[in-house]
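Structure first, then comments.
The values are calculated or read from the model by the stated rules, or taken from the named source; none is laboratory data. Small disclaimer: the values here were computed from a predicted structure and weren't measured. In this analysis, Cβ positions are derived from the backbone assuming ideal geometry, glycine residues included, and neighbour counts consider all displayed protein chains.
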There are 2 protein chains.
Amino acid sequence: MRSKIISIGDELLIGQIVNTNAAYLGEKLFSIGIPVERTVVISDEESVLLSELDDSVNNYDVTIITGGLGPTHDDITKPVIVKYFKDELITDETVLAHVMKIFSDRKIKMPEVNKGQALVPKNSEVIHNESGTAPGIWIENNGKIIIALPGVPYEMKSMIEGIILLKLKLFFKNKFKNVIKQKTLLTTGLGESTLNERLGDIKEIIEESKLAFLPSAEGVRLRINVTAENEEDADKKINLIEFRIRKKAGEFVFGTNGERMEEVTGNILRERKKTLSLAESCTGGELSARIVSIAGCSDYYMGGVCSYSNREKLKILGVKAETIENYGAVSEKTALEMAEGVRELMGTDFSLSTTGVAGPSGGSEEKPVGLVWIGFSSAEKTFAMKFNFGERRDIIIRRAVMRALEILRRELLSIEQNYY
Amino acid sequence: MRSKIISIGDELLIGQIVNTNAAYLGEKLFSIGIPVERTVVISDEESVLLSELDDSVNNYDVTIITGGLGPTHDDITKPVIVKYFKDELITDETVLAHVMKIFSDRKIKMPEVNKGQALVPKNSEVIHNESGTAPGIWIENNGKIIIALPGVPYEMKSMIEGIILLKLKLFFKNKFKNVIKQKTLLTTGLGESTLNERLGDIKEIIEESKLAFLPSAEGVRLRINVTAENEEDADKKINLIEFRIRKKAGEFVFGTNGERMEEVTGNILRERKKTLSLAESCTGGELSARIVSIAGCSDYYMGGVCSYSNREKLKILGVKAETIENYGAVSEKTALEMAEGVRELMGTDFSLSTTGVAGPSGGSEEKPVGLVWIGFSSAEKTFAMKFNFGERRDIIIRRAVMRALEILRRELLSIEQNYY
């Protein structure tokens, strides 16, 4: 079982856009046992795509093409597909109705050119695009599958996760001899090498399976890959490896697979019927935005104040003037008073606060760029912790947001606040 | 002049790493007039790399290979290169000394395997790697250039910027007949097809140049590509095309190239010494986070309130109880009172507010998911506008944030508030 990805677009070739679609597809196809063995990025030239299609039907079980499905003149995927397969484009009435509905819902007159979105190869199956106007195309050719999808990441992803992975598993179910499974443990609060050291001899943990360390600004993901003769054995192997990892570094594992920290903490708050409020300075609303990105957060999130000037800290949050005068806006005392102030203002069970130097300017020897105080407050206790999150503004903000949520998670689960 | 990139590595194919190297190389090669026309990502298999080398020497002026240069068994680039070119590997004493120095500087005993780093093809030129142990390889073959570089981004980049771009320019100086230039116009507030329609006959605007429509949830980028005999002519062509586009859709162009909307609006606020505050409901802090992502925003951004429950709207922002009772939290009147309330609370010149149904639940026939009211307030006027931003929570939030900033931009520049 081998697959290939064809990404179409000059914007990828000249580096205007990084090819995140290919990485996403690579991961998803690998997870169902159809590893990508080749990715090509090409421009929108007919002859090039024709020869790639030829290579695909000769050499790969699955080919996924992204991009070139739009309604304008430089969108070549569908015309080239019908040329290669000696097929023709016909209007799919369901797609046409969907496209027209999207425009009428937005109260926009549909430009004539958009009717082209509903043209699909006669010998293909349409993959519904619930988030956009360009449908996906699924073609079977002598036991090989060719799939064309829009290049817009969220449209493509919802089609992959909504239907395509399932269809592929079904189509190839007799060809899969082994079961490949993977599970990712999400850690935060310690670096890659510290985590490595804590786990000790990796071979003892994973035996003949695979373990990848995937570090990012927010933590290290540990991806376990196992191969087994059946589902049950695969699950057993994964469970054993997970057990061994958690035994050594369990307190740093906040979730698994695609879970998000804000989802994990949100679920605990909802279960316990507790509420949260925020007072953000250096994170500037990002912490609030992350929490609000989870549907249903209004069950536990009451709101936040982003106090980007000292005046707001004093006026709205009730931070004392002498605190800022004596200790500065970036200080333990300010973080404490912000957390207490917002918890009182919004009448919540818990609150978090952030104040720091996100840079690039504004740092001093005593308070360098990257210094962040994170405060936590509940009816029982209020505390603040000091961190240094490096030099890059965006990374400082991301790490501060993640750490604030991890502090909340540990308080909720009574885990010690230790970070490495 | 055409170039090709070969990226080697399973970690790219299975999506463990996003191929940022290819995007970087694409941009750099494009900037010196050797656009990348093909990027391939392959695993470390000899036969595959051999056939890619064959394609390269036949079809491309420049090929850059990244990855597979390390000292372990799965690093195939150098062995395959000498096999293909019927060459042999010899030890380069300068490289060997450099590698040994790196280890002795770090006070680590050099593993024997690392001596292999100093092996280079006899008929090649070594590109010094000041940041790491794997040297780069430069091969000339019948007027074509093949370059092999390490896959570690910062090592690769310092070799590209330090020497390779210069060497390429020098090597091909007689072949460069034309200058290639590009400029991207960033638009928002109208869809791809509506923009297309508004521009009318594209050929009339661009003549023999190229124009790409690059849509995203936030707007459509228009990328202009021109080729000319010299810099001056290229600039003239770009200016003419930009002039023609702006004549037809100028009010939708908020910036160019890599500019960000929050930067554009921030710069105007700073220049005019005006201040901004925010009252966010459905965007949940994302608008604030976007503004704070720009360094120096404290010059104009005072802060925001994220009122995620009605209680906060009433208490902190001073939205009237009867407004929420009679019109609901998602209403024109609430958006107006939020904007006015926060402007007063924070004493700013301008304010923006958002209230909407971000979904996935909470929608009704009258107020469906995607409905967003955006409010604006200044000393002169307060208004709110109604939008429908589709069905996906994350997209609704992104589009609402972008539209709020665009409303601010238009007010600052006295452009009519028309969206399509």
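Annotations
- Every residue from the stretch A:33-77 that is within 23 Å of A:Phe176 (Cα to Cα), within 12 Å of another protein chain (Cβ to nearest Cβ), without any contact (Cβ under 8 Å) to a residue 40 or more places away in the chain and not acidic (Asp, Glu): A:Pro35, A:Val36, A:Arg38, A:Thr39
- Exclusive hit being assigned to a helix (DSSP H, G or I) and in contact with a Gly (Cβ under 8 Å, 6 or more places away or on another chain), set A:Glu232, A:Glu263, A:Glu242: A:Glu263
- Only listed residue being in the same structural domain as A:Ile241 (by TED's automatic domain parsing) and modelled with pLDDT of 90 or more, chosen from A:Glu155, A:Glu208: A:Glu208
- Qualifying residues in the stretch B:179-197 (those that are closer than 18 Å to B:Arg244 by Cβ, at the interface with another protein chain (Cβ under 8 Å from one of its Cβ atoms) and touching a residue at least 24 places away in the same chain (Cβ under 8 Å)) - the one surrounded by the most Cβ atoms within 10 Å (Cβ to Cβ): B:Thr194
- Some residue of the stretch A:129-148 being in contact with a Phe, Trp or Tyr (Cβ under 8 Å, 6 or more places away or on another chain), modelled with pLDDT of 95 or more and either assigned to a loop (DSSP other than H, G, I, E, B) or within 10 Å of chain B (Cβ to nearest Cβ) (or both): no
- Single residue of the stretch A:381-393 satisfying the filter (among the aromatic types (Phe, Trp, Tyr) and assigned to a strand (DSSP E or B)) that is nearest to the other protein chains (Cβ to nearest Cβ): A:Phe387
- Which listed residue, of B:Ile145, B:Ile127, is assigned by TED's automatic domain parsing to the domain that holds B:Val18, touching a residue at least 60 places away in the same chain (Cβ under 8 Å) and either aliphatic (A, V, I, L, M) or farther than 30 Å from B:Phe30 by Cα (or both): B:Ile145
- The set of residues in the stretch A:354-377 being within 14 Å of another protein chain (Cβ to nearest Cβ) and within 21 Å of A:Leu317 (Cβ to Cβ) consists of A:Thr354, A:Thr355, A:Gly356, A:Val357, A:Ala358, A:Gly362, A:Val372.
Let's see how each residue does on (1) at pLDDT 95 or above; (2) loosely packed, with under 14 Cβ neighbours inside 10 Å; (3) of a type in the set (Gly, Ala, Ser):
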{"position": "A:Arg106", "(1), (2), (3)": "no, no, no"}
{"position": "A:Pro111", "(1), (2), (3)": "no, no, no"}
{"position": "A:Val120", "(1), (2), (3)": "yes, no, no"}
{"position": "A:Phe176", "(1), (2), (3)": "no, yes, no"}
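- A:Ile224, sole failed condition from (1) in a helix (DSSP H, G or I); (2) more than 20 Å from A:Glu406 (Cα to Cα); (3) among the hydrophobic types (A, V, I, L, M, F, W, C): (1)
- Members of the stretch A:281-311 found to be buried (at least 24 other Cβ atoms within 10 Å of the Cβ), more than 7 Å from chain B (Cβ to nearest Cβ) and more than 18 Å from A:Glu263 (Cβ to Cβ), listed by number: A:Ser281, A:Cys282, A:Thr283
Rundown of residues vs (1) at the interface with chain A (Cβ under 7 Å from one of its Cβ atoms); (2) among the charged types (D, E, K, R); (3) in a helix (DSSP H, G or I); (4) farther than 26 Å from A:Cys282 by Cβ, yes/no style:
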{"position": "B:Asn326", "(1), (2), (3), (4)": "no, no, yes, yes"}
{"position": "B:Lys333", "(1), (2), (3), (4)": "no, yes, yes, yes"}
{"position": "B:Leu336", "(1), (2), (3), (4)": "no, no, yes, yes"}
{"position": "B:Thr348", "(1), (2), (3), (4)": "no, no, no, no"}
{"position": "B:Ala379", "(1), (2), (3), (4)": "no, no, no, yes"}
{"position": "B:Ile395", "(1), (2), (3), (4)": "yes, no, yes, yes"}
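- B:Val80 being of a type outside the set (Ser, Thr, Tyr) and either facing another protein chain (nearest Cβ under 10 Å) or in contact (Cβ under 8 Å) with a residue 60 or more places away in the chain (or both): no
- Being more than 20 Å from A:Gly70 (Cα to Cα), among the acidic types (Asp, Glu) and part of a strand (DSSP E or B) is a property that does not hold for A:Glu197.
- Among the residues of the stretch A:373-409, those identified as within 20 Å of A:Glu251 (Cα to Cα) and in contact (Cβ under 8 Å) with a residue 60 or more places away in the chain are A:Arg399, A:Ala400, A:Val401, A:Met402, A:Arg403, A:Ala404, A:Leu405, A:Glu406, A:Leu408, A:Arg409.
- Scan of the stretch B:16-28 for residues that are buried (at least 24 other Cβ atoms within 10 Å of the Cβ) and at the interface with chain A (Cβ under 8 Å from one of its Cβ atoms), ordered by number: B:Asn19, B:Ala22, B:Ala23, B:Leu25, B:Gly26
- First in the stretch B:99-123 and without any contact (Cβ under 8 Å) to a residue 60 or more places away in the chain and farther than 30 Å from B:Asn141 by Cβ, second anywhere and part of a loop (DSSP other than H, G, I, E, B) and basic (Lys, Arg), Cβ under 8 Å, 6 or more apart: B:Phe103/B:Lys109
- Per this entry, A:Asp87 is counted among residues that are away from every other protein chain (no Cβ under 13 Å) and touching a Ser or Thr at 6+ places or on another chain (Cβ under 8 Å).
- Residue match in the stretch A:352-372 (condition: free of Cβ contacts under 8 Å to residues at least 12 places away in the same chain and basic (Lys, Arg)): no
- Looking across the stretch A:5-49, the residues that are of a type in the set (A, V, I, L, M, F, W, C), touching a helix residue (DSSP H, G or I) at 6+ places or on another chain (Cβ under 7 Å) and farther than 28 Å from A:Lys83 by Cα come down to A:Ile17, A:Val18, A:Ile32.
- Among residues of the stretch A:397-417, those that are basic (Lys, Arg) and within 14 Å of chain B (Cβ to nearest Cβ), counted: 1
- Flag for A:Glu161 being assigned to a helix (DSSP H, G or I), surrounded by 21 or more Cβ atoms within 10 Å (Cβ to Cβ), assigned by TED's automatic domain parsing to the domain that holds A:Val80 and not aliphatic (A, V, I, L, M): no
- Counted residues, the stretch A:246-263 - those being in contact with a Lys or Arg (Cβ under 8 Å, 6 or more places away or on another chain), of a type outside the set (D, E, K, R) and farther than 21 Å from A:Leu287 by Cβ: 4
- Residues that are within 12 Å of chain A (Cβ to nearest Cβ), buried (at least 19 other Cβ atoms within 10 Å of the Cβ) and more than 20 Å from the chain's Cα centre (by Cα) within the stretch B:203-218 comprise just one, B:Ile206.
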